[in-house]
1. Name the most mobile residue of 373, 167, 350, meaning the one with the largest mean-square fluctuation, in a Gaussian network model of the chain with Cα contacts below 10 Å.
2. What is the order of 10, 322, fewest Cβ neighbours within 10 Å to most?
3. Out of every Cα pair in the range 145-321, what percent are spaced more than 27 Å from each other?
4. Give me Rg/Rg_expected for the range 251-339, where Rg uses Cα atoms only and Rg_expected = 2.2 N^0.38 Å with N residues.
5. Hey, of (1) 73, 55, 43; (2) 63, 55, 44; (3) 90, 52, 39, which did the structure itself give for Cα extents along the principal axes in Å when calculated?
6. At a Förster radius of 60 Å, what calculated FRET efficiency corresponds to the Cβ-Cβ distance of residue 282 and residue 192, to the nearest 0.05?
7. Between 0 and 90 degrees, rounded to the nearest ten: what's the tilt of helix 331-345 against the longest Cα principal axis of the chain?
8. Compute for the range 291-337: radius of gyration divided by Kirkwood radius, i.e. Rg/Rh, restricted to C-alpha atoms, rounded to two decimals.
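Derivation of every value follows stated rules applied to the coordinates shown; laboratory data play no part. The structure presented is a predicted model; accordingly, all values stated were derived computationally and were not measured. Note that we place each Cβ from the backbone using ideal geometry, even for glycine, and neighbour counts take in every protein chain shown.
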């Protein structure tokens, strides 16, 4: 057995997502389990160096999790040949320039999404990585959630028959920050800082829809800034210049219609913060982050519209819970392990920077649709002779192989 140590520059891990999901629940968890065990018995052991602008935060984070390396000097970290992977979890507005530097330094790239603030810039990053010959990947964590994996199993089994439509509800009430502290950072609500729910969430919806149901062909979107005044982390009022809600309809290949509501200004009256309902000719399902309920055609009730009598049905009781037959690890950690195997063993990893650019493209087109108040088509994206518009839907069963 050989231990293959991999130096990883982790930039932006002092933020909420970077700390919790990528550092603690992914890299630290992988180290604590003894690394990533390969089929031949070798072990891939990540060795992170934490990078950021706040020396005190970095030092405290490193000491807490028994990490020996940290730095405020990104350039020096990129010059160190020991570090072969660059990871970025900074704010969106800072990401593209740092990724450019890392590609120029010959590092393999793994980063959060959106990969940039525009589709042109996202495509540029994909092209630069392609031309440099560096391996690259984008976080697409929701594909590895237990609820969506159960939904994927239903799709692969043919449970739905012909899929007709999908309804997605996402969101919760994010407090304004005056009488209760907001659950999200204030930059999320400032357009000039790269904020907005369309930029934030449509990158997710692109890979979810493409991978589960079919490639997005066109869309119509209406955004809104429902809460116009919020308070930042110091309690100072500011004008919310970015959208905090979006109401979209997507048309997928094969004619599937998707309705997706995304909102940070909605009070939750459903079973999870994200629910996806899929209706097909043979059956329907509703999944959340972890659970999934199904209703086959033979178990479908037969309601009749009659507002003059009390509703005789308890519709929620007529759904069957899917069993949890597998052990589901943290989705961020699972994808980190796949990317480490991709870098070290050259195993397949399909969620690259070009796939990330597709998410930015959907956000840009949604903003365009809102501005112009019309439907817009979603063109194919290509770089260097590599075409991604038709790649993912035909290999859904290979996610975790």
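1. Checking each option, the largest mean-square fluctuation is seen for 373.
2. Going from least to most buried by this count: 322, 10.
3. Tail fraction, whole percent: 38.
4. Its radius of gyration relative to the 2.2 N^0.38 Å reference: 1.41.
5. From the options (1) 73, 55, 43; (2) 63, 55, 44; (3) 90, 52, 39, the structure gives (1).
6. After rounding, the FRET efficiency stands at 0.80.
7. So the helix axis and the longest Cα principal axis differ by about 50 degrees.
8. 1.26
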